[in-house]
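Comments concern the structure below.
The values are calculated or read from the model by the stated rules, or taken from the named source; none is laboratory data. Computed from a predicted structure; not experimentally measured. Cβ: placed from backbone, ideal geometry, glycine included. Neighbour counts: every protein chain shown. To get the accessible areas, we keep the full protein, side chains included, count just its heavy atoms, and leave off ligands, DNA and RNA. Shrake-Rupley method; radii C 1.70, N 1.55, O 1.52, S 1.80 Å.
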Amino acid sequence: MDLGISGRTALVCAASKGLGKACALALAREGVQVTIAARGEATLKATAEEISTLTGQPVAVVAADVTTAAGHDAVLAACPNPDILINNAGGPPPGHYQDWRREDWIAALDANMLTPIELIRRTVPGMVQRGFGRIVNITSSAVKDPISVLGLSNGARAGLTGFVAGLARELAPTGVTINNLLPGPFDTDRIRKVVEARAKKEGRPFEEMWQLRMKESPMHRVGAPEEFGAACAFICSSLSGYMTGQNILLDGGAYRGTF
Ligand code: NAP
């Protein structure tokens, strides 16, 4: 299927590894000119080279903390007029609500709510002018199915989701769509660290806990990042113009609601 986005430009945040990287790779495969951002420069450069080799597309890099004002300026200086914006950042740490103070909440809001909103604010006018835009926010299945130890994530991402629900309808006549992709468990560094912590806490081997994590899923496996990237590329395609304001779960059937 030709997704009809060859030659478009994309800014993919938090994309040296994991889900962001998978989105960047899937877009580059479609001939999109991708700029990827992350903090660690060495991994970022290696990822850009890997994507370039696999796709034959040049990939630009910007080493920046996307959750800061300086980071917003840096990523937009590197890719000033993206047709496609993938909002992503690391998730907040787990914990207990009694321990979270204002500064913990502000950090979570900066990373997982206010940064995507700021990048949307600054990129949408150009997209509207060009009559085409695709924005995908990587959030979490926890938006629909909250995980109490990830309360900072549940709260901050729900704020972003509420904002996007309104803005997507406002932008509907312009050719700019905004959708959220909600990952359940995917095989990335992040989930491996979570399982590692669980194994340590329970004094059991990692491999045993990993197998247990797989069994907890209806598909008895976690998602492959390529599956996430493919869904993202479709939402960014010229074929998906009728889909906006949606929260799309990619969780292998883990969420048990009928709707
Ligand atoms: P990952 O494999 O750990 O990769 C995270 C990527 O984001 C890395 O490239 C990292 O590079 C970059 N990054 C993190 N903080 C950043 C910042 N402040 N500025 C710029 N880049 C930053 O994580 P992932 O599994 O892909 O997760 C991506 C998002 O999906 C997270 O918000 C996570 O909470 C959410 N999520 C993941 C899962 C899952 O199962 N994987 C499930 C639900 C939700 P640097 O560290 O070098 O900056």
Quiz item: Which one of these does Val194 not meet: (1) more than 16 Å from the ligand (Cβ to nearest atom); (2) surrounded by 15 or more Cβ atoms within 10 Å (Cβ to Cβ); (3) at pLDDT below 95?
Solution: (1)
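Do we find a residue being under 25 Å from Lys21 (Cβ atoms), within 10 Å of the ligand (Cβ to nearest atom) and out of contact with any Gly (no Cβ under 8 Å at 6 or more places or on another chain) anywhere in the stretch 158-171?
Within the stretch 158-171, not a single residue is under 25 Å from Lys21 (Cβ atoms), within 10 Å of the ligand (Cβ to nearest atom) and out of contact with any Gly (no Cβ under 8 Å at 6 or more places or on another chain).
Only one of these is more than 13 Å from the ligand (Cβ to nearest atom) and either assigned to a helix (DSSP H, G or I) or at pLDDT 95 or above (or both): Ala15, Ala28. Name it.
None of the others qualify; the one that does is Ala28.
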Quiz item: Which members of the stretch 19-49 meet the condition of being out of contact with any Leu (no Cβ under 8 Å at 6 or more places or on another chain) and more than 19 Å from Ile135 (Cβ to Cβ)?
Solution: Gly31, Arg39, Gly40, Glu41, Ala42, Thr43, Leu44, Lys45, Ala46, Thr47, Ala48, Glu49
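Quick grid of which residues meet (1) open to solvent by less than 80 Å² (accessible area, probe 1.4 Å); (2) out of contact with any Ser or Thr (no Cβ under 9 Å at 6 or more places or on another chain):
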| site | (1), (2) |
| --- | --- |
| Trp210 | yes, yes |
| Ala231 | yes, yes |
| Ile235 | yes, no |
| Leu239 | no, yes |
| Ala254 | yes, no |
Exercise. Quick one: in the stretch 45-92, of everything that is open to solvent by less than 30 Å² (accessible area, probe 1.4 Å), farther than 16 Å from Leu27 by Cβ and part of a helix (DSSP H, G or I), which residue is farthest from the ligand (Cβ to nearest atom)?
Key: Leu76
Exercise. Give the residue that is surrounded by the fewest Cβ atoms within 10 Å (Cβ to Cβ), with candidates limited to residues of the stretch 124-152 that are within 16 Å of the ligand (Cβ to nearest atom) and assigned to a loop (DSSP other than H, G, I, E, B).
Key: Ile147
Quiz item: Out of curiosity, is Leu167 assigned to a helix (DSSP H, G or I), touching a residue at least 12 places away in the same chain (Cβ under 8 Å) and more than 29 Å from Pro94 (Cβ to Cβ)?
Solution: yes
Quiz item: Could you list, in sequence order, the residues of the stretch 5-25 that are more than 21 Å from Pro80 (Cα to Cα) and either aromatic (Phe, Trp, Tyr) or open to solvent by less than 40 Å² (accessible area, probe 1.4 Å) (or both)?
Solution: Gly18, Leu19, Ala22
Quiz item: If we scan the stretch 208-219, do we find a residue that is at positive phi and more than 23 Å from the chain's Cα centre (by Cα)?
Solution: no
